[in-house]
Amino acid sequence: MSTTQERTEERDLPYDVFSRACPSRSTLEHVTGRWGALTLGALHRGPARFNELRRRVDGVSEKMLAQTLHALERDGLVHREAQPTNPPRVDYELTPLGHEVAARLLALIECLEGRMDEVLTAREHYDERAVRAPGAPLTP
């Protein structure tokens with residue numbers, strides 16, 4: 001089967017991220033993976049060069065950032081603009097779809113950041129129960 005036929009068949013199917021064969025699943029993985037979410041969030045502030053993104057997304061390796069940007073560009077969320085200068089300059093920015101997705105991710109990030117005290121308390125309670133009864137199923 002040709003690549004064109006496969007793409008046509010993908011578009012003819014109803015999208016269901018819970019289905020293994022659905023193309024939306026890989027895009028969801030790109031967006032919600034650690035580096036994808038952080039990269040989209042960083043670009044929501046505006047266009048950035050590669051090294052600016054690396055500094056903003058603390059902890060990402062050059063290789064992972066490059067792979068993440070390629071995946072997000074392929075999915076239509078990021079636009080890469082290479083300037084014909086010496087040395088070459090490459091800017092990355094969100095597409096309109098990328099802005100929409102990033103805004104939703106940022107709402108989730110803000111929710112989590114705002115509720116971290118509750119998360120940390122829940123972790124402490126969980127860990128206390130786990131220490132009291134190692135190997136036993138945890139009960140509320």
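The values are calculated or read from the model by the stated rules, or taken from the named source; none is laboratory data. Predicted, not measured: the structure shown is a model, and the values here were computed from it. For neighbour counting, all protein chains shown are included, and Cβ atoms are generated from backbone atoms with ideal geometry for every residue, glycine included. Each accessible area value is taken on the protein alone, full model and side chains, heavy atoms only, with ligands, DNA and RNA left out. Shrake-Rupley method; radii C 1.70, N 1.55, O 1.52, S 1.80 Å.
Whenever you get a sec, compute what percent of the accessible area on the chain sits on carbon and sulfur atoms (1.4 Å probe). Walk me through the intermediate numbers first.
Details: 5520 of 10410 Å².
Taking all protein chains in place, the chain shows 53 percent carbon and sulfur surface.
Using alpha carbon coordinates only, what is the Rg to Rh ratio of the chain, with Rh defined as the Kirkwood radius?
Result for the chain is an Rg/Rh of 1.11.
How much FRET efficiency would the formula 1/(1 + (r/R0)^6) give for LEU106 and ARG20, where r is the Cβ-Cβ distance and R0 is 30 Å, rounded to 0.05?
The pair LEU106/ARG20 has a calculated efficiency of 0.55.
Which value, in Å², gives the accessible area per residue of the range 49-125 when a 1.4 Å probe is used on the protein heavy atoms?
Roughly 71 Å² per residue, with all protein chains present.
From the backbone phi of the range 81-97, what are the Karplus-calculated ³J(HN,Hα) couplings (6.51 cos²θ - 1.76 cosθ + 1.60, θ = phi - 60°) in whole Hz, Gly and Pro given as x?
10, 8, 8, x, 10, 10, x, x, 10, 10, 10, 10, 8, 6, 7, x, 5
For the range 30-44, in order, what is each residue's ³J(HN,Hα) by Karplus, 6.51 cos²θ - 1.76 cosθ + 1.60 with θ = phi - 60°, in whole Hz (x at glycine and Pro)?
My calculation for the range 30-44 gives 5, 6, 9, x, 3, 6, x, 5, 5, 5, 4, x, 5, 6, 5 Hz in order.
Collect residues whose amide H, placed 1.01 Å from N in the peptide plane, falls under 5 Å from the amide H of VAL78; neighbours closer than 5 in sequence don't count.
Hits under the 5 Å cutoff: GLU73, THR95.
For the ranges 23-29, 67-73, what's the packing order if you count other beta-carbon atoms within 10 Å of each residue, average per peptide, and put the highest first? Walk me through the numbers before you get to the answer.
Working: 23-29: 14.9, 67-73: 19.0.
Highest mean packing first, the order is 67-73, 23-29.
If you place +1 on the Cβ of every Lys and Arg and -1 on the Cβ of every Asp and Glu, how big does the dipole about the Cα centre of the chain come out, in debye to the nearest 20?
Roughly 320 debye, rounded to the nearest 20.
Residue by residue through the range 114-124, which ³J(HN,Hα) values in whole Hz follow from phi under the Karplus form 6.51 cos²θ - 1.76 cosθ + 1.60 (θ = phi - 60°), with glycine and proline marked x?
Rounded to whole hertz, the list is x, 10, 4, 4, 5, 5, 5, 5, 4, 4, 4.
Want the number for GLN67 to GLU81: 0.36 nm per residue separation, take away the alpha-carbon distance, what's left?
Between GLN67 and GLU81, full extension yields an extra 3.4 nm.
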